[in-house]
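Encoded as structure tokens, the structure appears first; notes follow it.
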2 protein chains.
Amino acid sequence: MKAEIIAVGTELLLGQIANTNARFVSEQLALAGVGVYFHTVVGDNRGRLLSVLQTARQRSDLVILCGGLGPTEDDLTRETVAEFLGRPLELHPEALRAVEGYFSGLGRDMPENNRRQAMVIQGGNMIPNPRGTAPGQYVEAEGRRYVLLPGPPTELEPMVRESVIPLVQTWMGGNETIRSRVLRLYGIGESHLAERIADLLAAQDNPTLAPLAAEGEVTLRLTARAASEKEAWERIAPLEAELRRRLGRYIYGVDGETLEVAVGRVLQARGMTVATAESCTGGLLGEMITNVPGSSRYFVGGVISYSNDVKKAVLGVSGEILERLGAVSEPVAIQMAQGVAEHLGADWGIGITGIAGPDGGTETKPVGLVYIAVHHRNADSWVKEFRFRGDRRQVRIRAAKAALFALWRKLGAMDEGLSPAER
Amino acid sequence: MKAEIIAVGTELLLGQIANTNARFVSEQLALAGVGVYFHTVVGDNRGRLLSVLQTARQRSDLVILCGGLGPTEDDLTRETVAEFLGRPLELHPEALRAVEGYFSGLGRDMPENNRRQAMVIQGGNMIPNPRGTAPGQYVEAEGRRYVLLPGPPTELEPMVRESVIPLVQTWMGGNETIRSRVLRLYGIGESHLAERIADLLAAQDNPTLAPLAAEGEVTLRLTARAASEKEAWERIAPLEAELRRRLGRYIYGVDGETLEVAVGRVLQARGMTVATAESCTGGLLGEMITNVPGSSRYFVGGVISYSNDVKKAVLGVSGEILERLGAVSEPVAIQMAQGVAEHLGADWGIGITGIAGPDGGTETKPVGLVYIAVHHRNADSWVKEFRFRGDRRQVRIRAAKAALFALWRKLGAMDEGLSPAER
């Protein structure tokens, strides 16, 4: 099945926003084993959208349109696809109930304009949108499938996960079911990983096994085809177990789970808390941790100790050590981690000090040099020197991720699910 | 001039990265007054890139290709465009010097592979790349212009700003010069803004005047055409002055300047420092401030006071007030701002407390309710209640931006350049 994605919206062509919907849909289709061959962006313009649909029809089996399903005149995706296919739009009772239900949930009457959003192309089906007013829809014509989704990512993303991907799997497989599991790794490079599993990569068939590197992390995608969902998972299980046996120390999560979610899950399960002391990351680590809803259960707070005075006054870092070894040094990272855990009353403390650049680097302490410490109130502190590559933004992101992974390791989370002999 | 952007790279179709290059180039072209009508993404595949170029030739005057100029076999943009135009690639001496110079700057010899990067399509010209090995190039054929740029944003963005936009302005204007100024506003909605300048919007001609709203901010773009750069700026000046007279209280910066850069510039000019106390934003404000290189000159640090214990112990917030009014309240925001300025030794303190959601909201304190306080050590504290819409991420971003804008206002920066009568 050859897929392409068409995003409709003049705001994309003006550069006001990036086409993150195409990225998300592509990623999800790739995980489901569907190849995406083109992305197109076109403005809110009937003629140009028609020309883009003509091109898509000639080269793709599956066309996913994002955006242009709103209630105003500008939003013309629904009408233009109907015109393109030569089919009328029909009021879809279930879609109307969904749109009306959305407004009644807000305690309001549905404006007349929004009635348009309940129109479905003849022969098509509705795709529920639990987060907004615009239901999606899909329709088959001349052996091609067209899927229409609303533009706001908060609405589109759950619709893709919950409805579109299962549909696509039905369309692809005939009677086959396809299931994927993604293992997420940190702290191991892609080429090193490939060496460790060279035999598994060479022998792969069903399930398939695909590594992917991005932003300092590596993921491994296991995809199985089978007659039933149960059988697909049964095919995946032994390969997953073997990968965990070889790489368990690096696997922090599965599927869409980020490092900050994985760390939060373990902390919460153990009833433990953490506090952060950040210098070069300037609050990024706290921001990542608290981006997770419910993080107040395990994150007590942090100190952004950008100046040495704050390191001394708030965290209790020794002035003598700051003077003698400089702020970017192992002992300072340790004292930051200890200080923040003690002063803020947390089980765990994380300390990060380094040089994010572009200025401030020297021969002995270059840009990218970062010390990360993890402290537990009843144990010795752990500290490590890192040399990150990249620009200021990249150094900061890598430092924050490395700190999260260090805590995850210290939590001993990688040993869960392993027998004592395997640890 | 009709433009389109073609991004080449399989990593985009796999969803590993979003097409941020298309966003950036579109934004820059829009600022220069060029309309972008299509974005396309295609993989590292000769046949499909040829088909995309065929389509582009039929509908666009200017085709900007991003990516695929690297040294490996995968990188085939240069070769494929040459084939498409039926012209040979020629070794470009200046480009070769540039590529060799890049490696000698790193103290290394140029690998033989990189010689490919010095090949320019016959009749074309090189575009310098100060940040990487791959020079860009542009070529005219059959009345259309093709611009080839490398994929890494850190290389592409300066090349677009410094070389492509000036070239495009020459191509568009003939003898005309086009110059744009962007005024950046915060704290005023797009429709309210449009009312305040309705007469100027109606009368616009040269310069043109275009409002644009995004992420809680509004920008106003002034674009003048003239025989010389000097004359273009002279045309812009009186309109800019009139806009500043009417809207000066909302204008925090020009062109690419963000709120955090504008605030940092003013703090640094006055020799003042700031510290942050964040609850619901969890470090995001500190992260934004410290994302600016050199921010250590005016940012001393911050406290992420996620728990009430930290608010009390580290910031000195009154336990009685926390008990009686709750953490999300005006007095707590004020005490956070005061406490962080005092304890961290800064001239200014910012306090943010609120409910980012999705959980934690109540009837009287709903999700999106945020209190922001700004404190100066010699003055009364300022505090304001906000009710932000959107999801957790949006509420947090809007709160951090509102806090930056509040500080910018309290700094009195909007009065700069105004006569006392205008203040």
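Within the stretch B:307-325, being of a type in the set (A, V, I, L, M), more than 7 Å from chain A (Cβ to nearest Cβ) and either buried (at least 20 other Cβ atoms within 10 Å of the Cβ) or touching a strand residue (DSSP E or B) at 6+ places or on another chain (Cβ under 7 Å) (or both) holds for B:Leu315, B:Val317.
Entry remark, the stretch B:160-177: residues being open to solvent by less than 50 Å² (accessible area, probe 1.4 Å) and under 24 Å from B:Ala262 (Cα atoms) number 1 in total.
In the list A:Ala337, A:Ala313, which residue meets the criterion of being closer than 21 Å to B:Ala275 by Cα and free of Cβ contacts under 8 Å to residues at least 60 places away in the same chain?
Values: A:Ala337 fails: free of Cβ contacts under 8 Å to residues at least 60 places away in the same chain.
Answer to the selection: A:Ala313.
Of note, B:Val274 does not satisfy the criterion of being open to solvent by less than 40 Å² (accessible area, probe 1.4 Å) and either more than 14 Å from chain A (Cβ to nearest Cβ) or of a type in the set (Lys, Arg) (or both). For the stretch A:23-34, a tally of residues being within 7 Å of another protein chain (Cβ to nearest Cβ), open to solvent by less than 10 Å² (accessible area, probe 1.4 Å) and not aromatic (Phe, Trp, Tyr) returns 1. Is it true that A:Ala98 is touching a Pro at 6+ places or on another chain (Cβ under 6 Å) and without any contact (Cβ under 8 Å) to a residue 40 or more places away in the chain? For A:Ala98, the condition - touching a Pro at 6+ places or on another chain (Cβ under 6 Å) and without any contact (Cβ under 8 Å) to a residue 40 or more places away in the chain - is met.
State whether one or more residues within the stretch A:56-63 are open to solvent by less than 40 Å² (accessible area, probe 1.4 Å) and within 13 Å of chain B (Cβ to nearest Cβ). Yes. In the set (1) at pLDDT 90 or above; (2) of a type in the set (Asp, Glu); (3) at positive phi, A:Glu234 fails one condition alone, (3). Taken together, the residues in the stretch B:136-153 that are open to solvent by less than 10 Å² (accessible area, probe 1.4 Å) and not small (Gly, Ala, Ser) amount to 7.
Taking the conditions (1) of a type in the set (A, V, I, L, M, F, W, C); (2) within 14 Å of chain A (Cβ to nearest Cβ); (3) under 23 Å from B:Arg398 (Cα atoms) in turn, B:Ile334 satisfies each one other than (2). Selection of the stretch B:188-222 for residues being on the phi > 0 side of the Ramachandran plot and open to solvent by 50 Å² or more (accessible area, probe 1.4 Å) yields only B:Glu215. Among the residues making up the stretch A:1-50, a single one is over 18 Å from B:Thr20 (Cβ atoms), among the acidic types (Asp, Glu) and more than 23 Å from the chain's Cα centre (by Cα): A:Asp44. The residues of the stretch B:227-255 that are part of a loop (DSSP other than H, G, I, E, B) and either open to solvent by 40 Å² or more (accessible area, probe 1.4 Å) or within 22 Å of B:Arg179 (Cβ to Cβ) (or both), listed by number, are B:Ala227, B:Ser228, B:Gly248, B:Arg249, B:Asp255.
Would you check which residues across the stretch B:35-55 are more than 7 Å from every other protein chain (Cβ to nearest Cβ), open to solvent by 10 Å² or more (accessible area, probe 1.4 Å) and not in a strand (DSSP E or B) and list them?
We begin by selecting, within the stretch B:35-55, every residue more than 7 Å from every other protein chain (Cβ to nearest Cβ); these are B:35, B:44-47, B:49-54.
Narrowing further to those that are open to solvent by 10 Å² or more (accessible area, probe 1.4 Å): B:35, B:44-47, B:50-51, B:54.
B:Asp44, B:Asn45, B:Arg46, B:Gly47, B:Leu50, B:Ser51, B:Gln54, listed by residue number.
Scanning the stretch A:292-306 for residues that are facing chain B (nearest Cβ under 7 Å) and surrounded by fewer than 21 Cβ atoms within 10 Å (Cβ to Cβ) yields A:Pro293, A:Gly294, A:Ser296. If you go through the stretch B:90-110 one residue at a time, do you hit one that is more than 24 Å from A:Ser51 (Cα to Cα), in the same structural domain as B:Val25 (by TED's automatic domain parsing) and in contact with a Phe, Trp or Tyr (Cβ under 9 Å, 6 or more places away or on another chain)? Yes, that holds for at least one residue. Among all positions in the stretch A:81-101, there is no residue which is farther than 23 Å from A:Val160 by Cβ and within 9 Å of chain B (Cβ to nearest Cβ).
Can you tell which of B:Ala379, B:Ala373 is without any contact (Cβ under 8 Å) to a residue 12 or more places away in the chain and of a type in the set (A, V, I, L, M, F, W, C)?
On the way: B:Ala373 fails: without any contact (Cβ under 8 Å) to a residue 12 or more places away in the chain.
The conditions single out B:Ala379.
Looking at this structure, is A:Asp347 within 9 Å of chain B (Cβ to nearest Cβ), over 25 Å from the mean Cα position of the chain (by Cα) and open to solvent by 10 Å² or more (accessible area, probe 1.4 Å)? No: the conditions fail for A:Asp347.
Return yes or no: is B:Arg181 among the basic types (Lys, Arg), more than 30 Å from B:Gly67 (Cβ to Cβ) and not in a strand (DSSP E or B)?
Values: among the basic types (Lys, Arg): yes; more than 30 Å from B:Gly67 (Cβ to Cβ): yes; not in a strand (DSSP E or B): no.
It is false that B:Arg181 is among the basic types (Lys, Arg), more than 30 Å from B:Gly67 (Cβ to Cβ) and not in a strand (DSSP E or B).
Okay, residues lined up against (1) polar (S, T, N, Q); (2) closer than 23 Å to B:Asp391 by Cβ:
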| residue | (1), (2) |
| --- | --- |
| A:Val41 | no, no |
| A:Gly47 | no, no |
| A:Gly68 | no, yes |
| A:Glu83 | no, no |
| A:Asn125 | yes, no |
| A:Ala134 | no, yes |
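Does B:Gly339 satisfy the condition of being at positive phi and not hydrophobic (A, V, I, L, M, F, W, C)? No; evaluated as a whole, the condition is false for this residue. Applying the condition of being part of a helix (DSSP H, G or I) and open to solvent by 30 Å² or more (accessible area, probe 1.4 Å) to the stretch A:358-407 and asking which residue is farthest from the other protein chains (Cβ to nearest Cβ) yields A:Arg398. Based on this model, can you work out whether A:Ser180 counts as open to solvent by less than 50 Å² (accessible area, probe 1.4 Å) and touching a Ser or Thr at 6+ places or on another chain (Cβ under 6 Å)? In short, yes. Restricted to the stretch B:1-12, and to residues there that are outside any strand (DSSP E or B) and open to solvent by 10 Å² or more (accessible area, probe 1.4 Å), the residue that is nearest to the other protein chains (Cβ to nearest Cβ) is B:Leu12. Hey, can you tell me all the residues within the stretch A:96-119 that are over 14 Å from A:Pro71 (Cα atoms) and hydrophobic (A, V, I, L, M, F, W, C)? Listed by number, the residues that qualify are A:Ala98, A:Leu106.
Return the residues of the stretch B:31-49 that are in contact (Cβ under 8 Å) with a residue 40 or more places away in the chain and closer than 21 Å to A:Gly15 by Cβ; say none if nothing qualifies. Even if it seems obvious, please write down each step before you answer.
From the stretch B:31-49, those in contact (Cβ under 8 Å) with a residue 40 or more places away in the chain are B:31-34, B:49; that's our starting set.
Result: B:Leu31, B:Ala32, B:Gly33, B:Val34.
For the stretch A:121-157, a residue qualifies if it is of a type in the set (Gly, Ala, Ser) and over 15 Å from A:Leu65 (Cβ atoms), and the qualifying residues are A:Gly123, A:Gly132, A:Gly143.
Checking B:Ile127, B:Ile165 one by one, the residue that is out of contact with any strand residue (DSSP E or B) (no Cβ under 8 Å at 6 or more places or on another chain), at pLDDT 90 or above, β-branched (Val, Ile, Thr) and closer than 30 Å to B:Ser228 by Cβ is B:Ile165 and no other.
The values are calculated or read from the model by the stated rules, or taken from the named source; none is laboratory data. Everything quoted here is computed from the prediction, not taken from an experiment. Virtual Cβ from ideal backbone geometry, glycine too; neighbours counted across all protein chains shown. Keep in mind that these areas ignore ligands, DNA and RNA; they rest on the heavy atoms of the full protein, side chains included. Shrake-Rupley method; radii C 1.70, N 1.55, O 1.52, S 1.80 Å.
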